[in-house]
Amino acid sequence: MDSVKRKETNRPVVVRNPNLCEMREDILYHFNLGTETHNLPALFGDVKFVCVGGSTRRMKDFIKYVAAELDMRDPNNDYPNICAGTDRYAMYKVGPVLSVSHGIGIPSISIMLHELIKLLHHACCTNVTIIRIGTSGGIGVKPGTVVVTKQSVDGTFVPKFEQLILGQTVVRDTELDSDLAEELLRCGEELGQFDTVLGNTMCTLDFYEGQARLDGAFCFYRESDKQKYLTKAREAGVRNIEMESTAFAAMCKMSGLRAAVVCATLVDRLKGDQLSSSHDVLQTYQQLPQILVGYYIKKKLKALI
Ligand code: R2B
Ligand code: URA
């Protein structure tokens, strides 16, 4: 019922900040864009799908891949970085698809999302779907499995995002769009090219100690403690670990964006810590969320024609 209702209404991208109305100009500093210097509705008003991921190169590869999939390739266009004036984040666009990098970790993605949500709002975009396509460590799943996130949980396996605001801990909900997650899972099944599973994703503040690795510069626990913790995570439904999903889910929910997280696993953390697969194998794994989400976008756009 929900998806039917969604089709009928125009869902705006919501900002909840009265101060914005009083500002003559809004400078999106980390994108090198602004409301006075750029015509945001003309540049971005048609955006319906936003894909975000850690690395700038991967997000450029993604836009090239999507352009080919949607038959929107332009031989005279090498997909210029819209944020070329800054090296903080990179942004690419083809038709209704925007591809944006977010760097590593919650602080980095959170800054990017504040500015991205304002950009989509200023551009008067409606009915936007946003998907994080990323990498992760798996728990008890074969490397190269794609995990579609059911719930994004923190390091205590609770679906919450905690942030200090004015010195107080503010707790936010990390609910993602369950219909979208199911649709993406079905797309994985339809493609049949790689394993796609639905599972909880644990979001941590660190790659090493925060993810119970034994190979960081510091480690004050043993292999048995690591196994105990990861087994507990697996029992709580966690199938992969990454570093952005709780903030992503919380911020997208607050802005009314339909959101999902799709990550490839690069390693099974119950078996090891180091990313020891060859460069080519790791590259192939990183392309899997792109293939899945490219297929989803193509299918959705076809349905609109
Ligand atoms: C997955 O991979 C990165 C760390 O290597 C981090 O951005 C994440 O979430
Ligand atoms: N990204 C992570 O955050 N952890 C991993 O183990 C692999 C990629």
Only unsatisfied item for ALA181, checking (1) away from ligand 2 (no atom under 13 Å from the Cβ); (2) closer than 26 Å to VAL293 by Cα; (3) among the aliphatic types (A, V, I, L, M); (4) in a strand (DSSP E or B), is (4)
- Please work out if ALA236 is within 16 Å of ligand 2 (Cβ to nearest atom), aliphatic (A, V, I, L, M) and farther than 22 Å from GLY144 by Cβ. no
Reported set for the stretch 282-303 where residues are exposed (fewer than 14 other Cβ atoms within 10 Å of the Cβ) and among the aliphatic types (A, V, I, L, M) is ALA303
TODO: Please indicate, with yes or no, whether at least one residue in the stretch 152-173 is within 13 Å of ligand 2 (Cβ to nearest atom) and more than 19 Å from the chain's Cα centre (by Cα).
DONE: no
Quick count over the stretch 2-25, residues being surrounded by 10 or more Cβ atoms within 10 Å (Cβ to Cβ), farther than 17 Å from LEU116 by Cα and at pLDDT 95 or above, is 1
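Would you mention how many residues in the stretch 55-84 are surrounded by fewer than 16 Cβ atoms within 10 Å (Cβ to Cβ) and outside any loop (DSSP other than H, G, I, E, B)? Spell out the reasoning first.
Start the filter on the stretch 55-84 by keeping residues that are surrounded by fewer than 16 Cβ atoms within 10 Å (Cβ to Cβ), which leaves 57, 68, 71-78, 80, 84.
Narrowing further to those that are outside any loop (DSSP other than H, G, I, E, B): 57, 68.
Residues in the stretch 55-84 being surrounded by fewer than 16 Cβ atoms within 10 Å (Cβ to Cβ) and outside any loop (DSSP other than H, G, I, E, B): 2 in total.
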Within the stretch 190-221, the residues that are of a type in the set (D, E, K, R) and either surrounded by fewer than 16 Cβ atoms within 10 Å (Cβ to Cβ) or within 11 Å of ligand 2 (Cβ to nearest atom) (or both) are GLU190, ASP195, ASP206, ARG213, ASP215
Residues in the stretch 267-301 that are among the hydroxyl-bearing types (Ser, Thr, Tyr) and assigned to a helix (DSSP H, G or I) total 4
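Look through the stretch 61-95, keep the residues that are touching a strand residue (DSSP E or B) at 6+ places or on another chain (Cβ under 6 Å) and not aliphatic (A, V, I, L, M), and return whichever of them is nearest to LYS302 (Cα to Cα).
Here is the first cut: in the stretch 61-95, the residues touching a strand residue (DSSP E or B) at 6+ places or on another chain (Cβ under 6 Å) are 62-63, 66-67, 72, 79, 82-83, 89-92.
Imposing the further condition that a residue be not aliphatic (A, V, I, L, M) reduces the set to 62, 79, 83, 89, 92.
Working: PHE62: 19, TYR79: 23, CYS83: 29, TYR89: 30, TYR92: 22 Å.
Per the criteria, the residue is PHE62.
Residues being of a type in the set (Gly, Ala, Ser), surrounded by fewer than 24 Cβ atoms within 10 Å (Cβ to Cβ) and part of a strand (DSSP E or B): count how many of those fall in the stretch 129-155. Talk me through it step by step, then tell me what you get.
At the first step, the residues of the stretch 129-155 found to be of a type in the set (Gly, Ala, Ser) are 134, 136-138, 140, 144, 152, 155.
Remaining after also requiring surrounded by fewer than 24 Cβ atoms within 10 Å (Cβ to Cβ): 140, 144, 155.
Retained after the next criterion (residues that are part of a strand (DSSP E or B)): none.
Qualifying residue count for the region: 0.
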Over the stretch 74-102, the set of residues polar (S, T, N, Q), away from ligand 2 (no atom under 16 Å from the Cβ) and under 19 Å from GLU244 (Cβ atoms) is SER99
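The values are calculated or read from the model by the stated rules, or taken from the named source; none is laboratory data. As the structure is a computational prediction, the values presented were derived from the model and not from experiment. Virtual Cβ from ideal backbone geometry, glycine too; neighbours counted across all protein chains shown.
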